[in-house]
Structures are given as C-alpha cells and as structure tokens.
Amino acid sequence: MNRRILGIPEAATLLSRSPDTLRWWRKRNEGPPSFKIGRRVVYFEDELLAWVEEQRRESLPPGAA
C-alpha cells in the first residue's frame, strides 16, 4: 500500500487552515485523524480527504446528496 503521509504544514494547506488550528483540534481530540511517527504528528492524505467529505455530508440539509 502506498499512502501519502503529510505533516502538519502540508495537512493545514490541504484543509485551508492554519497549522495552529490542526494542533488545537488534535489537543481537543477533534478534527481529522492523526498519529505520530516518533515525535512528528502526521496525517494520511486519503483520511484527510475522507474527513473533509464527512464534514461536507454533515453540513448538508436533510435529504440533500
């Protein structure tokens, strides 16, 4: 399996958010799934995109696709 791993700056750019926002979400156990490799917080790109899609679906009015 070849999954792209993004650090906080790359993930923040992908989500159009600041790195501080991602750090805050992680501290509050919110936001997209993340994990550590050593001391570095990272994200799988496909999981970030899935999280964005989930946020989109949750924000749609009932019955909208």
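The values are calculated or read from the model by the stated rules, or taken from the named source; none is laboratory data. The model shown is predicted, which means the values in this text are computed figures rather than measured ones. Virtual Cβ from ideal backbone geometry, glycine too; neighbours counted across all protein chains shown. The area values use the complete protein model at the heavy-atom level, side chains included, leaving out ligands, DNA and RNA. Shrake-Rupley method; radii C 1.70, N 1.55, O 1.52, S 1.80 Å.
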Please find, among ARG4, ARG57, ARG26, ARG40, the residue that is open to solvent by less than 100 Å² (accessible area, probe 1.4 Å) and of a type in the set (Lys, Arg).
-> ARG26
Tally the residues that are touching a strand residue (DSSP E or B) at 6+ places or on another chain (Cβ under 8 Å) and open to solvent by 50 Å² or more (accessible area, probe 1.4 Å), restricting the search to region 11-22.
-> 1
So which pairs qualify, if the first residue must be in region 22-46 and assigned to a helix (DSSP H, G or I), the second must be β-branched (Val, Ile, Thr), the Cβ gap must be under 6 Å, and the two must be at least 6 apart or on different chains?
-> LEU22/ILE8
Restricting attention to region 48-65, the residues that are out of contact with any strand residue (DSSP E or B) (no Cβ under 8 Å at 6 or more places or on another chain), part of a helix (DSSP H, G or I) and not aromatic (Phe, Trp, Tyr) number exactly 10
